[in-house]
1. Expressed as a rounded percentage, what relative contact order does the chain have, with Cα pairs under 8 Å and six or more residues apart?
2. Output wanted: per-residue J couplings in Hz (rounded whole) for region 120-137, from phi through Karplus 6.51 cos²θ - 1.76 cosθ + 1.60, θ = phi - 60°, x for Gly and Pro.
3. At 222 nm, what value in deg cm²/dmol follows for the chain if DSSP H runs of at least 4 each add -39500 (n - 2.57) and the sum is divided by all its residues, to the nearest 500?
4. Which whole-number percentage describes the relative contact order of region 8-80, with Cα contacts under 8 Å and a sequence gap of 6 or more?
5. Run the simple label-point estimate for Gln32 and Ile57 please: 7 Å along Cα→C-beta, distance reported in nm.
6. Please check: in the Gaussian network model of the chain (C-alpha springs, under 10 Å), which one of Ala34, Ala86, Ala113 has the largest mean-square fluctuation.
7. Can you bin region 39-88 into rounded, prolate or oblate? Criterion: square roots of the alpha carbon gyration tensor eigenvalues sorted a ≥ b ≥ c, rounded for a/c under 1.5, prolate for a/b above b/c, oblate for the rest.
Amino acid sequence: MSSIVIPCSGCRTDNPTPAQQLLSRPRCQRCQQALTATTPLEVTREALDGVLRDSPIPVLLLFYSQWNAPSTMVAPVLAEVAKRHAGRLLVLRINSDMNPDVMKRHSATPLPALLLFRGGSERKRLHGAHSTVELEKLLSDSGVVR
Ligand SMILES: [Zn+2]
């Protein structure tokens with residue numbers, strides 16, 4: 001099931017939303033407000049592969065650990081990028097401590113690791129803490145934003 005949970009910015013209801021429907025103007029099941037992911041969303045290992053495969057927009061995936069200082073530093077940068085490109089870029093994060101198998105499969109060390117996916121394939125990646133400017137450059141180099 002390749003759903004991601006998008007919190008409604010109006011009533012704060014968590015809406016499980018199939019990745020395929022990200023560009024189909026999904027609405028909150030409770031208050032009918034348009035749903036757009038404006039913050040990095042936590043993704044489960046069960047949903048990850050399906051979301052990467054099915055998302056109609058590029059996906060920026062952060063592997064992080066709460067015990068890793070650079071991961072903490074990159075959090076506000078990622079939040080800024082998620083807000084700026086809401087609706088055009090899906091920003092996800094996955095906890096490496098709880099998903100060591102997923103981290104290993106993507107060779108996502110050292111932390112934090114930022115992997116950019118398009119059409120289900122990894123296109124670019126960054127390791128370590130980066131500034132908003134560096135992250136924007138990665139996105140523009142990849143043609144995700146102009
Ligand atoms: Zn709502």
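1. Details: 272 pairs, mean separation 34.6, N = 146.
For the chain, the relative contact order is 24 percent.
2. x, 10, 6, 10, 8, 8, 9, 10, x, 7, 10, 7, 4, 4, 5, 5, 4, 5
3. Working: 4 runs with 42 residues, N = 146.
Estimated from H runs of four or more residues: -8500 deg cm²/dmol.
4. Details: 48 pairs, mean separation 21.5, N = 73.
Once normalised by length, the contact order is 29 percent.
5. So the label points at Gln32 and Ile57 sit 2.3 nm apart.
6. Ala34
7. On the way: a/c = 3.05, a/b = 1.30, b/c = 2.35.
It is oblate, given that a/c is not under 1.5 and a/b is not larger than b/c.
All of the numbers you see were taken from the coordinates with simple rules; none came from a lab. Computed from a predicted structure; not experimentally measured. Note that each Cβ is placed from the backbone with ideal geometry, even for glycine, and that neighbours are counted across all protein chains shown.
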